[in-house]
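> Below you will find the structure I want to go over with you.
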Amino acid sequence: MTPTASDTPAVPATLDVAAIRALFPALHQQVYGKPLVYLDNAATTQKPQVVIDALRHYYERDNANVHRGVHALSEKATAAFEGARKTVQRFLNARSEREIIFTRNATESINLVARAWGDSQLKADDEVLITALEHHSNIVPWQQACARTGAVLKVAPIDDAGDVVMDEFARLVSPRTKMVAVSHLSNALGTINPVEQMVALARSVGAAVLIDGSQAVYHMAVDVQALDPDFYVFTGHKVYGPTGIGVLYGREAVLNAMPPFMGGGDMISSVTFEKSEWNELPYKFEAGTPNIADAIVLAVAIEFVRSVGFEAIGTHEAALLDYGTRRLQEVPGLTLVGTAKRKASVLSFVMGDMHPHDIGTIVDREGVAIRTGHHCAQPVMDRFGIPATARASLAMYNTTDDIDALVHALGRVRQLLG
Amino acid sequence: MQDLHDLYQEVILDHNKRPRNFGPLPDATQSAKGHNPLCGDKLTLSLKIHDGRIEKVAFEGSGCAISKASASLMTDAVKGQTIDEAAHLFDLFHQMVTTPIDQPIDEDAVGKLAVLGGVREYPARVKCASLAWHTLKAALTNTAEPAKTE
């Protein structure tokens, strides 16, 4: 009898990090004569060979415009593009592919909601509630929407560890609250927000919910039916996919009730000079030729991540985060910024009066790529009274050797600036 | 490849640790704020100008080693200069940090400031070295807007 998958005995999820690393060509190079140690994953992840090959394959074999062509290539491109939408639907466990809208990135997804939903739903004195952890992309569009509509932006504070103060959050949720927009995982501090609790609080007053999952989707499985927000957004390039492609998940009824965001081709069902009628979902929100190639390749990246599995990724990254936390705390003068109870991936830190920018430059010359600055989260920096942090962020291909290389490079920083 | 020591030279490390002319200037006649949004560096530059000459100069703020050292070296360099001389030194400094790395810099023209020529190897850090100078230019023209490197 041929064995099937169900016959395979259950084994604990493990990740063969050497095998994983072999799939990422960019990791195998030297910078300044040192092996590259890539620890800037919260900014963007490196791409596996399958993703790079898929992009090349698309342009070599399948390139055509989608939806309107009757020729073979257009049918191939359309099938791949719509297939990619189904892949994203399954990735988020959305009910229907009509709930998946392709955008350029998470920022555009949030702007789409702030414009199309915000301008039609928000009125003077309504409230939009965000947290003090948000990336600028989940602050500025809401400030703009508030300026247009007269609504008021409310901010739930964070404590010294980088956890949202949930008592304050609950206190700020009121009948005036119309939108709760929160990040799933903080890019600056690594805090995993209690989004289930936040959604429940929002629901109790009938507010809509948007979750920015840009940092979450490459570390943990996301189920939008279980979480049940109205909107969930992420960007493709952080989940090992290409840049220039993002996703907006929206509940079908909510999307149907919204006016379009941008006007143009593909988003209409009929056009006369007197009146245009909107296309059905999801096309109503996809004006113009979409980013066909990168949507298709995003699906390849997602399949890659699913093949590794979030259980294995989560176990590996959690152990690495523990190790990194311990090792960095051993560095004299180093203070971790962001020590939330539930965290993933991110090790943000400062070192006495040594400026993060100097730290970044010096470790770079040791081959170690980290991020320095305010991480597009200036209010988070203000909360901790610092201008910037140095940030190492982990992905599935990082190892304890990478952490050791960072710690070694920080020794060089102390030697030079200490 | 250049060594890190070309950027973090002893003079720079010294000015970073013990910045000259650092603090408030109560009798300032003009001042300007500078901000580098890339790394959050902020500085306030104050000048006491009398008869077209910079009699006193001081700076305050926070920043990386390069921006702090550059501000410190700059205040030393322009103290006692006329407004025109300081404006000319701005041009020379700007010229130096934007000279392509494979071309020599005119060390005689900029004197001690030549230690900052090493930033040319680090494109992301040129703005750190330039912040104080842009702020000086703003203070000399008494611009109300904060000087920016972006």
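The values are calculated or read from the model by the stated rules, or taken from the named source; none is laboratory data. Computed from a prediction, not measured in an experiment: that's the story for all the values here. A quick note on method: Cβ atoms are made from the backbone with ideal geometry, for glycine too, and the neighbour counts reach across all protein chains shown. Only protein heavy atoms, including side chains, enter the accessible area calculation; ligands, DNA and RNA are left aside. Shrake-Rupley method; radii C 1.70, N 1.55, O 1.52, S 1.80 Å.
> What value, in deg cm²/dmol to 500, does the helix sum -39500 (n - 2.57) over DSSP H runs of n ≥ 4 give at 222 nm once divided by the residues of chain B? Before the final figure, lay out the partial values.
Values: 6 runs with 61 residues, N = 150.
After summing the helix terms and dividing by the residues of chain B, the value is -12000 deg cm²/dmol.
> Taking chain A as a Gaussian network, where each spring joins two C-alpha atoms under 10 Å apart, which residue of A:Ala390, A:Ala170, A:Ala72 fluctuates the most?
Comparing A:Ala390, A:Ala170, A:Ala72 in a Gaussian network model of chain A, the most mobile one is A:Ala72.
> Most fluctuating residue of A:His135, A:His357, A:His237 in a GNM of chain A with Cα springs under 10 Å: which is it?
A:His357
> Pop the C-beta distance of A:Thr44 and A:Arg176 into the FRET formula with R0 = 30 Å and round what comes out to the nearest 0.05.
Details: r = 38 Å, r/R0 = 1.26.
Efficiency at R0 = 30 Å is approximately 0.20.
> List the aspartates and glutamates whose Cα sits under 17 Å from the Cα of B:Lys79, skipping any in the same chain fewer than 8 residues away.
Correct list for B:Lys79: B:Asp27, B:Asp51, B:Glu55, B:Glu60, B:Asp91.
> If you take the C-alpha gyration tensor of region A:89-129, multiply each eigenvalue by 5 and take the square root, what semi-axes do you get, largest first, in whole Å?
Values: eigenvalues 123, 30, 17 Å².
Output for region A:89-129: semi-axes of 25, 12, 9 Å.
> In addition: At 0.36 nm per residue, minus the direct Cα-Cα distance, what do A:Ile268 and A:Gln144 gain on full extension? Give it in nm, one decimal, please.
Roughly 42.0 nm would be gained on extension.
> Right, next: I'd like the distance separating the alpha-carbon centroids of region B:104-123 and region A:197-240, in whole Å.
That distance is 50 Å.
> In addition: Looking at region A:35-79, what % of the alpha carbon pairs are farther apart than 14 Å?
62
> Put +1 on the Cβ of every Lys and Arg and -1 on every Asp and Glu Cβ in region A:158-223; which of A:Val217, A:Ser183, A:Leu172 then has its Cα farthest towards the positive end of the dipole?
A:Leu172
> Still on this structure, please answer the following. Only bridges whose two residues both fall in chain A count here: according to DSSP, what percent of them are antiparallel, nearest 5? Before the final figure, lay out the partial values.
Details: 28 of 47 bridges.
Approximately 60 percent, going by the DSSP bridge assignments.
> Using the Karplus equation 6.51 cos²θ - 1.76 cosθ + 1.60 (θ = phi - 60°), what ³J(HN,Hα) coupling, rounded to whole Hz, does each residue of region A:353-367 give in order, writing x for Gly and Pro?
8, 7, 6, x, 5, 5, 4, x, 5, 6, 5, 4, 5, 8, x
> To continue, here is another question. Whole-Å semi-axes of chain A's equivalent ellipsoid, largest first, each the root of 5 times a Cα gyration tensor eigenvalue? Don't skip to the end; give the middle numbers.
Details: eigenvalues 251, 170, 77 Å².
Working from the Cα gyration tensor, I get semi-axes of 35, 29, 20 Å.
> Which is the longest run of chain A containing none of the chymotrypsin sites (Phe, Trp or Tyr not before Pro) found in DSSP loop states (not H, G, I, E, B) with at most 15 other C-beta atoms within 10 Å? Don't jump to the answer; show the numbers that get you there.
Numbers: sites that count: A:Tyr32, A:Phe273.
So the longest stretch without any such site is A:33-272.
> Please list 3J(HN,Hα) in residue order for region B:17-26, calculated via the Karplus relation 6.51 cos²θ - 1.76 cosθ + 1.60 where θ = phi - 60°; whole Hz, with x for glycine and proline.
Values per residue, Gly and Pro as x: 6, 10, x, 7, 6, 9, x, x, 10, x Hz.
> Would you mind calculating the gained length between A:Asp382 and A:Asn63 on full extension (0.36 nm times residue separation, minus the Cα-Cα distance), in nm to one decimal?
110.1 nm
> Per residue, how many Å² of accessible area does chain A show with a 1.4 Å probe? Intermediate values should be presented prior to the final figure.
On the way: 17000 Å² over 418 residues.
That works out to 41 Å² per residue.
> Give the relative contact order (percent, whole number) for chain A; include only Cα pairs under 8 Å separated by 6+ residues. Walk me through the intermediate numbers first.
Details: 821 pairs, mean separation 93.9, N = 418.
Averaging sequence separation for qualifying contacts and normalising by length gives 22 percent for chain A.
> What total accessible area, in Å², is buried where chains A and B meet, using a 1.4 Å probe and rounding to the nearest 100? Let's see the in-between values first.
Details: alone 17810 and 7720 Å², together 23980 Å².
Buried area between the two chains comes out at roughly 1500 Å².
> Counting only C-alpha contacts under 8 Å and six or more residues apart, can you give the relative contact order of chain B as a whole percent?
Over chain B, the number comes to 30 percent.
> Run down the lysines and flag those whose C-alpha is under 28 Å from the C-alpha of A:Lys284, throwing out any fewer than 8 positions away in its chain.
A:Lys76, A:Lys86, A:Lys123, A:Lys178, A:Lys238, A:Lys275
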